[in-house]
Structures are given as structure tokens and as C-alpha cells.
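Report on the structure given below.
The values are calculated or read from the model by the stated rules, or taken from the named source; none is laboratory data. All values reported here derive from a predicted model rather than from experimental measurement. Every residue, glycine among them, receives a Cβ derived from its backbone with ideal geometry; neighbour counts consider all protein chains shown. We work out accessible area using only protein heavy atoms, side chains counted, and drop any ligands, DNA or RNA first. Shrake-Rupley method; radii C 1.70, N 1.55, O 1.52, S 1.80 Å.
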Amino acid sequence: MNRLRNLPAQVDLLIVGGGITGAGIFREAARAGVSVLLVEARDYASGTSSWSSKLVHGGLRYLKSGDWRLTAESVRERQRLLREAPDLVEPLEFLMPLYRGIKPGMTTMRLGLWLYDRFSRGGTRSGALSAADSRAALSGLREQDLSGAVHYQDARTDDCRLVWRLIAQGLRDGGRALNYVRAEQLLSAEGRTCGVALQDADSGASREIAARLVIDAAGVWAGSLPGQPPGAPRLRPLRGSHLVFPAPRLPLAQAVGWLHPRDRRPVFAYPWQGATLLGTTDLDHGDDLWNPRMSRAEADYLLEAVDWLLPQAGLSVGDALSSYAGVRPVVDDGHGDPSAVSRESALWAAPGYVGVTGGKLTTFRVTARQALQAAAKQLPSLRLAPDAAPLFDGFSAEPSPGQAPDASLLPARAGEQVRHLDDLLLRRCRAGLTLSRGGEALIAPALAALGWETEHAAREAARYREYWHRQHDPTALV
Ligand SMILES: Cc1cc2nc3c(=O)[nH]c(=O)nc-3n(C[C@H](O)[C@H](O)[C@H](O)COP(=O)(O)OP(=O)(O)OC[C@H]3O[C@@H](n4cnc5c(N)ncnc54)[C@H](O)[C@@H]3O)c2cc1C
């Protein structure tokens with residue numbers, strides 16, 4: 001079926017990219033008095049936005065680099081999401097054990113956390129534990145040189161559900177959004193971007209759509225479309241990877257954060273969707289941007305961190321349910337150390353065009369509004385809703401991000417623009433990451449919920465198994 005045929009010949013605003021940035025822009029634009037179309041080359045959130053650490057966090061570590069503005073903004077957005085989407089974003093208590101001889105020590109941490117709490121305006125309260133209480137809070141904790149621990153609050157989410165909620169809200173408000181439709185080229189006339197040539201990945205059909213303004217929100221791909229106006233910043237794609245363990249193999253009552261013994265980078269583990277998530281790494285990614293994979297060396301790095309903190313855990317990569325990797329769209333600011341590169345978003349504009357990239361999942365709303373403010377300079381009919389306007393209206397609550405996926409969810413999610421089995425099993429729900437063998441047990445119920453004819457269903461099942469093995473099978477890491 002050619003889905004492009006039903007599109008209008010012209011829209012006011014055309015957004016390229018259906019990750020958290022494009023989805024956030026779409027949500028705001030759909031209530032801003034303009035006609036809006038979003039196109040996503042593959043599935044929504046399938047770029048970087050489904051492979052994040054799933055933390056809606058204030059960015060405690062940005063305090064260390066003196067980036068107080070980014071921390072204050074992130075804390076504010078975290079508190080707002082906790083209020084406005086309590087089913088999708090829920091509080092997560094972190095424990096951070098501290099060790100003699102390893103900085104930061106207790107005094108520095110408590111000072112940083114005092115500030116962190118202040119930014120939340122009473123929304124959170126951090127504290128400190130003695131060494132004995134720390135051992136009681138986390139059994140098996142490394143004892144040598146343990147001086148105590150601090151605890152503080154951040155939040156966890158399901159990044160894909162957040163993206164989908166934004167898309168669904170924009171659709172409700174009259175926007176149009178299509179997944180598996182790629183922007184092939186920017187069109188221009190008289191030095192001004194005036195539309196986009198689109199191609200539907202499934203039917204192969206092509207069509208040009210005129211647009212009064214194009215927003216390029218294509219994450220690590222932003223600024224690279226043929227026909228692109230000049231001005232895009234140079235990006236430095238940085239890969240981060242995670243391992244997911246069955247909760248009984250790495251049982252945690254709360255999140256735990258600590259510094260890696262090798263390079264003192266922060267790492268963490270926390271309960272997520274009935275499993276335990278362990279992350280993350282941060283290294284230059286020179287390979288295929290579309291299909292990033294965790295390397296065996298990254299897995300060893302994360303396991304080494306757990307061995308150090310929980311010496312009796314005895315985890316191996318074979319215990320993991322899945323692995324996944326994502327590529328951070330960060331702007332190259334010349335720093336050598338990947339973890340020191342700024343996580344601020346970047347915005348650039350040309351006639352008929354606005355580009356936006358970088359930023360974090362947590363601050364998507366701020367990034368979206370900044371992009372639309374830049375867009376409104378060229379599209380005066382675009383009237384942004386007041387900053388205080390709630391993000392969502394009229395959705396029934398979803399299962400919490402802490403809860404394991406279950407088959408009863410599948411029929412409702414099958415109706416959410418699912419075009420391939422991995423859309424349903426890896427993104428509309430996360431069974432492919434948190435259940436054994438890529439959620440093999442849910443493949444048959446998922447296909448039943450999708451109602452595909454036998455041959456199509458068999459093709460999709462084979463495609464899914466091959467894809468999962470290649471991208472997420474922890475026993476296949478190289
Ligand atoms: C390992 C890791 C951990 C992270 N953890 C956190 C965290 O815990 N908290 C946090 O706040 N942030 C986190 N982040 C950052 C956050 O995930 C990213 O900043 C964010 O997801 C980027 O979203 P985006 O929409 O800009 O990019 P993407 O999600 O990549 O979206 C861009 C989309 O554009 C599409 N696209 C590309 N080219 C075209 C085209 N020609 N036509 C149509 N579509 C196109 C792609 O398919 C893609 O889906 C993390 C990032 C990584 C990698």
C-alpha cells in the first residue's frame with residue numbers, strides 16, 4: 001500500500017526524524033496552529049532513542065564539570081515529567097557507595113546532592129548512610145575501604161513508550177506521522193528549502209511534499225541529507241552499550257551507581273521492566289550508525305565494574321538476557337575524553353530550514369520548544385502553547401517502567417503503527433530485551449495480535465530472530 005498517496009501536497013511544517021527530539025517537536029507543533037507531518041525512516045525511536053539508559057535524570061555528573069545550567073534545567077524537566085506522565089516516568093532511588101581514597105568523597109558528594117535537591121525545589125531529598133547501613137542496603141557490597149554511601153533520587157522511564165506517547169498525542173491533535181518513510185532529499189528553490197522528497201520503505205513509492213519549513217531532527221544523521229543547506233555542526237557519534245540481566249542474577253531493590261575501577265567513569269545498575277539494566281560505556285563509534293552493536297570488550301568492561309562492587313555476584317556475559325547499543329548525537333567540541341563532551345543540544349537555521357541535534361531524552365521538551373521558536377521566526381502562523389501547558393491529555397495509565405512485559409498488552413500495542421515484528425517486541429513493548437531469547441515465548445501471541453497471514457507472519461518471525469541474534473544476543477558479541 002502506498003501510504004504517501006494520502007498525504008497533502010503541502011504542509012506548513014515537515015519534521016524529519018521520529019526519535020525523542022522529532023516526536024517532542026511534533027507534539028508541540030500539532031497544537032501550534034500549523035499543519036505538520038513527521039517522517040521516520042524506520043520505526044519511531046529505533047535510532048538512538050530506544051537505546052538510552054532510560055533515566056530521566058538531572059545529570060548529577062554535569063555538576064562536576066560546572067554545567068549548573070544544564071543540571072538545573074534537567075532537574076526541572078525531570079520533576080515536570082514525574083508530575084505530568086507519572087505512568088511513564090517514575091521516581092528511582094539511587095544508592096552510591098563511597099570508598100576511602102576514591103574521589104569524590106562524602107563531603108563533596110553531599111554538597112553536590114544538596115545542590116541537586118535545591119534544583120528540585122523540595123521535590124527530592126538526598127542523604128548519607130554509614131558503612132554498616134550501606135552493607136545492609138545492598139548485600140554483597142565490596143567491603144574493603146567502604147566509608148559509607150549517599151542516596152538520592154532520579155527517575156526511570158521506557159524511552160520508546162515516551163516517544164510513542166508524544167507521537168500519539170500529536171496525532172490526536174491533528175498532526176500526521178509516518179514511520180518507515182525516509183526523507184531522501186531536501187528540495188529547494190531560490191536558495192530556500194521548500195520541501196522534501198520522500199520514499200516509503202515498504203512499497204518503494206516516492207513523492208515530493210512541499211513544506212513552508214523543514215525541521216531536521218535526525219539525531220546522529222542530522223545535517224547529512226542531500227540538498228542540505230550549510231551550517232550543520234560537526235557531530236561526534238559516541239556509542240554507549242548496556243547488558244540486561246534476569247533480576248535474580250543481579251537482584252537490586254534500588255538503583256546503584258558507582259565509579260568504574262579502571263577509569264573512574266560513572267556506571268550504574270537498576271531494576272527495569274522486571275530485569276536489571278547495567279550500563280553504560282562511552283566511546284567513539286566509527287562503524288555503521290544504523291546498526292550499532294555492543295562489543296565484547298564493552299561487555300567485559302561492565303562486568304569488571306560489577307565484579308569490583310559486588311565481588312560475589314560472579315556474573316558472566318552468558319547470564320545476560322540481551323545487550324544493546326546506541327549512538328549519542330553529540331556535537332564535537334574538541335574534547336579528547338568522550339565523557340567530557342558537552343551534552344547540550346545544537347540548533348542551526350537557514351531559509352526554510354531548522355536543524356536540531358544533541359540534547360538528552362530528559363530535556364526533549366526544552367529542545368523541542370527551542371527548535372519551534374527558531375521555526376516560528378520563519379513561520380509566523382506557528383504559535384507555541386504556553387510553557388506551562390501540560391504535555392499530555394486523555395491517556396489511560398500504562399504499566400510502570402519497572403514492570404515486566406506481559407502478553408495481555410500485545411493486542412492494544414499491535415495497533416500502534418506496527419509494521420514489523422521488532423516494532424512490537426522491541427519497542428512498543430520491550431520483551432525482546434527483558435525476556436529470555438528475545439521474548440521467544442511472546443512471538444506467537446504477538447503474531448496472533450497482529451493478525452498477519454501465515455506467510456507474512458513466518459517471514460516476520462524469521463526476520464525478527466535473525467535481527468535479534470545479530471543486534472542483541474549477548475552470546476554473539478565480538
Ligand atoms: C547509551 C546511551 C544512553 C543514554 N542515556 C540517556 C539517559 O539515560 N537519559 C537521557 O536523558 N538521555 C540519554 N541518552 C541521550 C538520548 O538517548 C539521546 O540524546 C536522544 O535519544 C536522541 O534523540 P534524537 O531524536 O535526537 O535522535 P534519534 O532517536 O536517533 O532520532 C533520529 C531519528 O531520525 C531518523 N532518521 C535519520 N535519517 C532520516 C531520514 N533521512 N528520513 C527520516 N528519518 C530519518 C532515524 O531513524 C532516527 O529514528 C543516552 C544516549 C545513549 C546513546
Fill in the blank from the handout: Note on segment 310-358: residues buried (at least 22 other Cβ atoms within 10 Å of the Cβ) and over 23 Å from the mean Cα position of the chain (by Cα) are G352, Y353
Practice task
State all residues of segment 225-238 that are more than 13 Å from Y353 (Cα to Cα) and open to solvent by 20 Å² or more (accessible area, probe 1.4 Å); if no residue qualifies, say none.
Solution key: P226, P233, R234, L235, R236, P237
Fill in the blank from the handout: Going through (1) touching a residue at least 60 places away in the same chain (Cβ under 8 Å); (2) open to solvent by 20 Å² or more (accessible area, probe 1.4 Å) one by one, Q373 fails only at (1)
Practice task
Go through the residues of segment 247-264 one by one and say whether even a single one is within 12 Å of the ligand (Cβ to nearest atom) and open to solvent by 40 Å² or more (accessible area, probe 1.4 Å).
Solution key: no
Problem - Answer residue from segment 59-99, given it is among the small types (G, A, S) and under 24 Å from A128 (Cβ atoms) and is surrounded by the fewest Cβ atoms within 10 Å (Cβ to Cβ) among those - result: G66
Completion exercise
If we ask which residues in segment 195-207 are open to solvent by 50 Å² or more (accessible area, probe 1.4 Å) and under 16 Å from Y353 (Cα atoms), their number turns out to be 0
Exercise for the section: Say whether the condition of being in a helix (DSSP H, G or I) and at negative phi is met by at least one residue in segment 339-361. Expected result: yes
Problem - Set R156, R176, R172, R182: member being under 27 Å from the mean Cα position of the chain (by Cα), within 30 Å of S396 (Cβ to Cβ), open to solvent by 20 Å² or more (accessible area, probe 1.4 Å) and near the ligand (Cβ under 10 Å from one of its atoms) - result: R156
Completion exercise
When (1) open to solvent by 30 Å² or more (accessible area, probe 1.4 Å); (2) within 16 Å of the ligand (Cβ to nearest atom); (3) not charged (D, E, K, R) are applied to W114, the one that fails is (2)
Handout entry: Within segment 210-224, tally of residues that are surrounded by fewer than 21 Cβ atoms within 10 Å (Cβ to Cβ) and closer than 18 Å to Q378 by Cα
Key = 1
Practice task
Select the strands (runs of 3 or more DSSP E) contained entirely in segment 161-273, then report the ones holding at least 2 residues which are closer than 30 Å to W308 by Cβ and not charged (D, E, K, R).
Solution key: 235-246, 255-259, 266-272
